[in-house]
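Please read through the structure below; I'll follow up with questions.
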Amino acid sequence: MKFIIGRGETLRERLLDLTTRPYYFDPLLRSKVVVLCVLNDDTTVAGCGVRGIYNIAHSLYVKEEYQGRGIGRKTWEKTVSVARDYGFNFITGVVPLHHDVAWHLYSKIGYKEVARLKKYSIRYIMLPFTFRGELLYILTRLVCSKLPDMLLTNIVDSIENVVHWCRRRLGR
């Protein structure tokens, strides 16, 4: 097993070998850092990407027939390692509120809850790597804790609308 690291767009063909499902393929394609797990026979079996302005770590994808072998964990660990090496201060993500097993795993790794968005039924989480990452976590948590859930949700909706508008304007 080996790992291939690059930008999503440069790894397009390998990503197509991994999955054509838009839910997984599109965010990985837009990632600024992608880690692919490749077997010795050159079969791509897993991928994880870090994308966006706020270092959002896309959910890990492992081909179904390779799940349960620790490949996902190794790919995730490599992604975190690469993000640190690239100088990222943190990684953020989301976990469904009802998914206690996932939250337990993320919290064991070191993720911290920033906020809960009830409208979307998600926890917004952050894994700080550096002192700056810790400071940003504290600041973000403080701001989110002072905003009512509805206002926080409206802010997220507004940001999402701006992002979609920009993508349409740029043709992406």
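A short reminder: the numbers here are calculations on the coordinates, not readings from a lab. Only a predicted model underlies this, so the values are computations on that prediction, with no experimental measurement involved. Counting neighbours? That spans all protein chains shown, and the Cβs are built from the backbone with ideal geometry, glycine included.
Tell me which residues come under 5 Å, amide H to amide H, from I122 once H is placed; ignore anything under 5 positions away on its chain.
Under 5 Å from the amide H of I122: L97, L117.
Taking the Cα centre of region 1-117 as origin, work out the dipole magnitude from +1 charges on Lys and Arg Cβ and -1 charges on Asp and Glu Cβ, in debye rounded to 20.
320 debye
Taking θ = phi - 60°, what integer Hz values does the Karplus form 6.51 cos²θ - 1.76 cosθ + 1.60 yield along region 14-21, in sequence order, with x for Gly and Pro?
Once rounded to whole Hz, the list reads 5, 5, 5, 5, 6, 7, 10, 5.
Sticking with this structure for a sec: Provide W76, W103 in ascending order of the number of other Cβ atoms located within 10 Å of each residue's Cβ, fewest first.
W103, W76
Let me ask you something else. Multiplying the sequence separation of F131 and E13 by 0.36 nm and subtracting their Cα-Cα distance, what value in nm do you get?
Value of the extension gain: 38.8 nm.
So, one more: Give the long-range amide H neighbours of V33: residues separated by 5 or more places, or on another chain, with amide H under 5 Å away, using H modelled in the peptide plane at 1.01 Å from N.
Under 5 Å from the amide H of V33: G8, V50.
Moving on. Can you put E77, E13 in order, fewest other beta carbons within 10 Å first?
Final ranking by Cβ density, sparse to dense: E13, E77.
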